[in-house]
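Read the structure below first, then the notes.
Any read-out appearing in this document is the output of simple, stated calculations on the displayed coordinates, not a laboratory observation. Quantities reported herein were computed from a predicted structural model and do not represent experimental measurements. Reconstructed Cβ throughout: ideal geometry from the backbone, glycine too, with neighbour counts over all protein chains shown.
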């Protein structure tokens, strides 16, 4: 699940962010209220809080107001950070109706053009072979995200982000990651070198994405394909 959202800039002269909360709005169109691109991606939303990714520099303890369709304004606070990933907790838990409405609004794709065919959109993120390899090796070793994170001295969301292709470990970390997974460094080095599928594989994936979208009556960008090697 990936929901686009827009976090307002702090007002000029705001000295206490907890008092003058910035507004976070779900944007199904992928555009912010000013017509610019959204600046926050919500990877998970639950009754208790959010997992978001943003290039904005948010501080632990910073508060903002999340505008939800059924719940109205919900106070939210940043409770942890790992690189560009932030864990946020709601001041009050969401009810089932509010949670469902938020997920439906955020996940609704833009309405496709009135035609039976779709043109595939260029995608900058090819399948991340290193992330797929780390996930496969971790599961084969019977390890959890927390197990790997503890060995490497990083947070669990960091390992999660590596596996999902949201971020990439530094090259100098590959040997330590390989040791934690019980494999030779060359196994991960090969995957890192092939991150980004070949143009032929990418073409097949995009063709399948377009066919699935046409069969389901939706847009190709709403189709997610997972590859396990």
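The table for this structure:
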| read-out | value |
| --- | --- |
| Cβ-Cβ FRET estimate between residue 215 and residue 100, R0 fixed at 35 Å, reported to 0.05 | 0.85 |
| Three-way shape label, region 129-193, alpha-carbon gyration tensor, a/c 1.5 | rounded |
| Residue order, fewest to most beta carbons within 10 Å, for 208, 216 | 216, 208 |
| Full-extension gain in nm, residue 156 to residue 47, via 0.36 nm per residue minus C-alpha separation | 37.2 nm |
| Where labels lie 7 Å past Cα in the beta-carbon direction, separation of residue 59 and residue 186 in nm | 5.0 nm |
| Order of 80, 160 under a 10 Å beta carbon neighbour criterion, fewest first | 80, 160 |
| Protection proxy ranking of 93-101, 43-51 - average other beta-carbon atoms within 10 Å, highest first | 43-51, 93-101 |
